[in-house]
Each structure stands twice: as structure tokens, then as C-alpha cells.
Amino acid sequence: MIEDTETGALRDGCYLKRLEEPVIYDAVKDAVYLVDEEAFARILAMSQQGVADGEAATLLRRSGLFQGGARRNAAVLAGCAPTPSLRYLEVQVTARCDKACRHCYQGSPSSRDMTAETLARILDQFEVMQGLKVMISGGEPLCHPRFTDLAGVLEGRVLRKVLITHGERIDGAAARSLKMFEQVQVSLDGWGGSHDSLRGPGSFRRAVAGIEALAAEGIPIGIATMVHRDNLGDFERMARFLDGLDVCEWGIDVPCPAGRWGREETGDRHLMRAMVGRMSYAFGGGFHGGSEGLACGAHLMTVFPDGSAAKCGFFADEAAGGADHDLVAAWKMVWQISLADLACDCDHVEECAGGCRFRARILTGDRLGPDPVQCMARGVEIKDRAGGGGKPG
């Protein structure tokens with residue numbers, strides 16, 4: 001029996017956040033739990049002021065969020081979220097990359113880098129805005145000439161920290177230096193030669209070595225895979241490999257015809273159906289889609305190395321400056337699209353949140369158009385348009 005005098009705290013790695021409503025965010029598992037105002041206040045008092053509260057302890061224990069001892073860091077940071085809340089922030093810390101991947105939407109790399117001071121300003125603001133997860137990307141973030149300085153800025157943040165990398169620069173020593181991340185996401189775009197067909201000779205061997213180095217250090221691993229013509233037969237083998245490593249997330253998508261990637265595959269309906277079918281292998285992962293009647297990316301923003309920001313990395317052509325100095329103002333300038341405004345009339349729009357707005361723009365010529373990949377994944381036929389997509393028929 002739990003005594004009313006029981007002391008303890010919200011488990012380390014979990015934080016109280018004030019989004020549109022109060023929540024507990026488990027940054028280790030990337031899970032959000034709704035709580036009411038009374039529970040929020042009692043958990044806060046128990047976790048940061050040492051107030052004994054058996055009822056609050058019982059509530060946390062039921063969800064696996066309780067620890068008997070004191071916390072290592074704060075359970076909450078003062079502040080409030082804008083509406084809609086900015087929950088997921090991608091920060092492209094560099095435009096450098098040592099690859100020339102055939103499917104890259106970003107085009108040619110450059111030497112633009114974000115400083116550690118700029119990253120610190122951005123994350124200070126993001127925490128006050130009650131952000132949940134920061135995703136450090138590029139370019140290839142490990143090509144940043146002062147990545148160690150950036151990593152130091154991440155220590156102790158009241159956030160889930162994810163590194164997005166091709167994995168080829170990770171060995172045992174590098175993996176040990178990445179333990180401040182709750183997850184490292186590595187790209188694996190096929191098995192053997194099919195991966196190399198996108199990323200260059202030897203890429204597969206180096207990426208797998210990086211994945212195994214991370215696993216040896218016990219760092220949670222996510223995998224990102226782009227489906228293409230050459231890897232359609234690889235998914236069972238990849239699934240067995242990942243199962244043996246206890247990978248926590250496998251995100252699978254179809255490339256957009258942008259940057260270096262052409263349209264030849266998106267124009268082949270039979271091939272596209274086969275590619276879309278492989279997306280069913282995906283599992284785990286946080287949800288960065290729509291909510292509260294808003295379309296894809298309702299709570300997501302990308303900040304680029306120069307401090308400009310856009311809806312996501314695909315919309316760099318619409319980026320506005322100043323996010324490094326005023327993240328709230330940058331977020332207010334980012335457009336939001338209501339699901340009701342989309343040119344979609346099928347029964348799945350709430351489920352897919354309209355899909356990817358960039359892919360809709362590229363394939364249908366209309367940001368408000370349907371995402372043909374998400375339509376195809378749900379068996380919704382679309383009429384041809386100039387860009388190869390269209391409104392569901």
C-alpha cells in the first residue's frame with residue numbers, strides 16, 4: 001500500500017509541458033500523456049519541491065513515469081506555448097555534406113555552418129516555447145567542423161534530442177560521444193548494392209558499421225529508408241537485420257522529385273504502387289503530422305544554418321530570417337493549412353493529415369492538392385494532373 005507521505009519524482013527524462021493543454025512528455029520514449037491542471041501542479045510540487053504525495057506517485061507509477069529518488073534536472077521550464085504549439089524543431093546545423101546522394105532534395109552542399117552560440121539561442125527559446133523534440137540535421141551534421149561544441153550545447157536540455165545522419169562517420173569513439181542523444185537516426189536505403197546505388201560505393205558497409213557501433217554503445221537507433229526501384233526486394237532482409245539490433249523506429253518514405261531526384265519513377269504508376277507498398281514495413285516514431293484540424297506539419301518547423309526558418313526542410317525557398325533571434329516570431333510567420341482547405345474529398349484525410357504538402361505541390365502543382373503517395377497508400381485513385389497527381393476521383 002502506498003502511503004500518503006510517499007516521496008519521489010517524475011522519472012528522469014520526462015518533463016511537464018504546457019502545450020495547448022498540460023502534458024507529461026517522456027523524452028526517452030517520445031510519448032505524450034495528457035494531465036489535468038491539478039495533476040500537473042501536484043506532480044510539479046512533488047518533483048521540484050519534494051512534497052510528499054502518494055496519489056501523484058500512484059498516478060505516475062501506473063504509467064511507468066515514477067522514480068523513488070530526486071531528479072537530476074528540472075521537471076519543467078517556465079513559459080507557454082504559442083497556438084498552435086511548436087513541438088518539433090529540425091535544426092540544420094550545417095550545409096556541408098561529404099556525399100552526393102542521388103535522391104537528395106537539397107542539391108549541392110556548401111560551407112554554411114551554424115555556430116554553437118546560435119544553436120544555444122534557438123534552443124533556449126524552444127524550451128521556453130515548451131518544445132518537445134529537437135532534431136539535429138544538415139547537410140551531414142557530423143561534417144560540421146565544430147560538432148563537439150554543438151553537442152555541448154545539447155547537454156541537459158529539457159528536450160528529446162535526435163541526431164539525423166548517414167552514419168558513415170560513426171565508429172566506436174564517435175558513438176561514445178553521442179550519448180547525449182535519445183536517438184540517432186541513420187539512413188539505410190537498401191541492402192548492399194541498392195543502398196550504394198543512391199549513396200555511392202562503400203556507403204552501405206560504412207553505414208552498417210555506424211549502426212553497429214551505436215548499438216554496441218546502447219544508443220537508441222532509428223532508421224530512415226527511401227524506397228526506390230533498386231531496393232524493392234530488400235525489405236525482408238532489412239527487417240531481419242533491424243530486428244536483431246532492437247531498432248526503435250523505422251521510417252520509410254518515397255522520395256520527392258526535387259533536387260537531384262528526377263520524375264521518372266513517379267510517372268510509373270505500377271512502380272509507384274510497389275514503392276508505396278513497402279511503406280507498410282515502417283514502425284515506431286513520433287508523429288509530426290497534423291492536429292486540431294490542421295494539415296501535415298502542424299507542430300513542425302525547420303531552422304537553416306543561416307538562422308532562417310520554414311515549414312520544413314523542403315520549403316527552403318520560402319524561408320524567412322530571424323529565427324535565431326526570435327523563434328516565436330519566425331513560428332508565427334510559418335503558414336498553416338486547414339484540412340478543410342485541402343483539395344481532398346476522400347474519407348482518409350483526417351488519418352493522413354493531408355500527407356506531405358511539398359509532395360502535393362511538386363506532383364499536383366498545388367500546395368492544397370492531395371499527396372499522391374498517401375492517396376495510393378490508402379487505395380484512393382487520383383486523376384491525372386499536369387504534375388502527375390490530382391484530386392481523388
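Derivation of every value follows stated rules applied to the coordinates shown; laboratory data play no part. All figures in this text were calculated on a predicted structure; none of them were measured in a lab. For neighbour counting, all protein chains shown are included, and Cβ atoms are generated from backbone atoms with ideal geometry for every residue, glycine included.
Values for this structure:
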| read-out | value |
| --- | --- |
| Residues in the stretch 60-91 reached by a label modelled at Glu37 [backbone nitrogen below 19 Å; 7 Å Cα→Cβ] | 77-83 |
| Where labels lie 7 Å past Cα in the beta-carbon direction, separation of Asp345 and Ala216 in nm | 5.9 nm |
| Point-to-point label distance, Thr5-Ala320, nm (Cα→Cβ direction, 7 Å offset) | 5.7 nm |
| Candidates per GluC sites (Glu not before Pro) in the stretch 20-49, loop by DSSP, up to 16 other Cβ within 10 Å | Glu20 |
| Sorted by Cβ neighbour density within 10 Å, fewest at the top, the residues Asp268, Asp113 | Asp268, Asp113 |
| Net length gained if the chain between Leu245 and Ala78 were fully extended (0.36 nm per residue, minus Cα distance) | 56.3 nm |
| Loop sites in the stretch 94-176: GluC sites (Glu not before Pro), DSSP, at most 14 other Cβ within 10 Å | Glu155 |
| Neighbour cut-off at most 12 other Cβ (10 Å), DSSP loop, trypsin sites (Lys or Arg not before Pro), the stretch 330-375 | none |
| For the chain, size of Cβ-based charge dipole, Lys and Arg +1, Asp and Glu -1, in debye | 980 debye |
| Computed helical MRE - 222 nm, the chain, DSSP H runs ≥ 4 contributing -39500 (n - 2.57), nearest 500 | -8000 deg cm²/dmol |
| Förster radius 45 Å - calculated FRET efficiency between Glu381 and Ala45 (Cβ-Cβ, nearest 0.05) | 0.20 |
| Pair Glu155, Asp268: separation of 7 Å Cα→Cβ label points (nm) | 5.1 nm |
| Thr118, Thr7 arranged by Cβ crowding within 10 Å, fewest neighbours leading | Thr7, Thr118 |
| Exposure proxy order (Cβ contacts within 10 Å, fewest to most) of Asp243, Asp234, Asp253 | Asp243, Asp253, Asp234 |
